[in-house]
Structures are given as C-alpha cells and as structure tokens.
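One structure is given here, and the rest of the page talks about it.
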Amino acid sequence: MRLRRCGSGTRSGQPALVCAPYALHRALIADFAPGHSVVEALQHGGIDRVYLTDWRSASSEMRYFSIDSYLGDLNVAVDEIGAPVDLIGLCQGGWLSLIYAARFPAKVRRLVLVGAPVDLSIDSALSRLTRNAPEMIYDQLVARGGGNVSGEEMLRFWSKAPSPDDIAAALQKDLSDEEGAALRERFDRWNAETLNLPGTYYLQIVNWIFRENRIAAGTFTALGREIHLKDAKVPVFLLAGLDDEVVPATQALAIAHLIGTPPAFVAAASEPSNHLGLFMGARTHAHAWPRIAKWLRDDLTGVLARSA
C-alpha cells in the first residue's frame, strides 16, 4: 500500500485517513475529479490533514497475503500518521476500518463508514451473488491467476460494462456537454484499470465475510484476536445510498446495532444515490460530505459529558 498525503502536507490538525476499498479498482474512487472527490470534500470542509490508502495490485509474491496483511499495513499507516486518527472507510474499506477500530480502539478517534457491507445476513445483490455461486468458481479464479485473482477476470465475472446512463447516475451529473465527455472518458479509464488481489485475501473475504458473516457474528479473528464489534465504541457516522443495490441502506445502517458506540454518538444519513454515487456523485459531495466534514470537526465533549 502506498500511503498518500493529500493537499498542502500540513502536519497540524486532526488527521483523517480515507481507507479506500481493496476490491477491484484503484483508490481514484476517493479522489476522482473536482466536485467528485471525497478527499476534496473533506479538505473544503476544513479537514487539513487528509491521507489515502492506495492499495497495490497483487504480484505473484503477494499471493499468500491475507486480511491480516492489510490490517497490518493499515496499522503501520496509522502509526506513521500519528494516532488517534479519524478513519473513513469506503465500501469494503469500511469493514476493514471497522475491524481495525475494534482491534485497536485507542488508535481511532472517530469512524466514518460509507456504503460498508458488514452484516451480510441482510439481503443484497452482492451477498446473493456471492452465496449462490458455486464455491469452486472462486477456487478456479485463484487457480487461473496462479494464486492471485485477476482484476480483469473479476470485472467480467462481477459486473456488466457501465452504460452512459450508469456513469451519469454514478457521477450524478448531466454528461452531455464537453466537460461530461471528459468525465465519461476518465470514468472508463478508471473502470478499466483493475487491481489483482491475493488469492488468500480474496477467498477469506468470500468465505469468512460474505458466506459465513463472521464480522457480524463476532467470530472473526484479526491479528491474533477475536473481534467483537461491541469493542468499537468511538463516535460513528454511517452514510448509505437509498438506491444502492450493492450495499442496501438497511445493510449499511444496521452497523449501528452491532457496535458498542452509544446511540448518542452515532450519526447516520442516507442519500438518493447508487453505490458509486456515494463516493463519486456530485450531489452527494454537495450535501452529505460537507456534513461529514463538519461532524469530524465538531467538538462532542458536551454531548459526551451529558451522556455520561
């Protein structure tokens, strides 16, 4: 993983670490273009120290890397930045961030989870696809990749090519003009630039998280310790998309009932957005992300004292 420091590089102020999903595409999902960037929205919202995880495509030497390997990398990044950090997990970066916050509660000040799949007992298109596909398909994907899973093959297996309407819905913008054409071209390049995943990591996600639902069930082990989400007691902000077919709003918001954070410290919002629109959509960046930045800046001391 490359740890990217975004903006002017100031060392003052509370740091925010955006944990991009290590699933299929590059971290550009978090910094796509002006007006379509999580990083930009946080900075405009007054968060001066923003960092971003940029996960590398797996080489053959990385084929045995596991979820623990990436939790370890995330831990090194937090130590490099200086704990405690505000951790912002996007999609599958969300469950990784939540596990990290439960494993190292003293290292996370606040937690933002956006479109994060955690309780896979709640029905979704992604959980159905994962459960219904024969297990040997996933093993074959790993075998054909020589121990890794090809990003190009995953793209063919998991999703159809996005239409112009799909791209417009994700970016929440009319793309009929010259600027729109440039954004469409940029989106096509981002979508085509896939990441290869270590086979061990991939099969752990498929079996442990999506099939066995270990995170929600409290049977997931991370870096030698069983993870109980009730140990995650930091203030949490949950963002869900009302039109999200990948991680439905009911699934994204159900996290509030699994964690140990008192209800007074759980903020939640939903947007008329599909999955990618939560990270790339112009409307979401105009409405939801400024609210998240303000929540990160706000002093909760008074609320904490009243709750105690």
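Observations
- Taken together, the criteria place Leu96 among residues that are part of a helix (DSSP H, G or I) and within 14 Å of Tyr22 (Cα to Cα).
- Note on the stretch 211-248: residues that are buried (at least 17 other Cβ atoms within 10 Å of the Cβ), of a type in the set (Val, Ile, Thr) and at pLDDT 95 or above total 5.
- Residue pairs meeting the criteria (Cβ under 6 Å; at least 6 apart or on separate chains; first in contact (Cβ under 8 Å) with a residue 24 or more places away in the chain, in the stretch 106-123; second among the aromatic types (Phe, Trp, Tyr) and surrounded by 23 or more Cβ atoms within 10 Å (Cβ to Cβ)): Ala116/Trp95; Val118/Trp95
- Residues satisfying the stated conditions in the stretch 75-88, i.e. touching a strand residue (DSSP E or B) at 6+ places or on another chain (Cβ under 7 Å) and either part of a loop (DSSP other than H, G, I, E, B) or of a type in the set (A, V, I, L, M) (or both): Ala77, Val78, Ile81, Gly82, Pro84, Val85, Leu87, Ile88
- Search result, residues across the stretch 136-158 that are over 12 Å from Gly199 (Cβ atoms), surrounded by fewer than 19 Cβ atoms within 10 Å (Cβ to Cβ) and touching a residue at least 24 places away in the same chain (Cβ under 8 Å): Glu152, Leu155, Trp158
- Ile205 meets the conditions (1) under 23 Å from Ala16 (Cβ atoms); (2) in a helix (DSSP H, G or I); (3) not hydroxyl-bearing (Ser, Thr, Tyr) in every case but one. The failed one is (1).
- For the stretch 76-90, taking the residues that are within 26 Å of Val247 (Cα to Cα) and in contact with a helix residue (DSSP H, G or I) (Cβ under 7 Å, 6 or more places away or on another chain), the one that is surrounded by the fewest Cβ atoms within 10 Å (Cβ to Cβ) is identified as Val85.
- Test: residue in the stretch 106-116 that is in a helix (DSSP H, G or I) and out of contact with any helix residue (DSSP H, G or I) (no Cβ under 9 Å at 6 or more places or on another chain): yes
- Inter-residue pairs, beta-carbon under 6 Å, first within 11 Å of Phe65 (Cβ to Cβ) and touching a residue at least 24 places away in the same chain (Cβ under 8 Å) and in the stretch 195-218, second of a type in the set (A, V, I, L, M) and surrounded by fewer than 20 Cβ atoms within 10 Å (Cβ to Cβ), 6+ apart: Pro198/Met62
- Scanning the stretch 91-110 for residues that are among the small types (Gly, Ala, Ser) and crowded, with 19+ Cβ neighbours inside 10 Å returns Gly93, Gly94, Ser97, Ala101, Ala102.
The values are calculated or read from the model by the stated rules, or taken from the named source; none is laboratory data. Remember, it's a predicted structure, so these values are computed and weren't measured experimentally. FYI the Cβ positions are ideal-geometry reconstructions off the backbone, even for glycines, and counts take in every protein chain you see.
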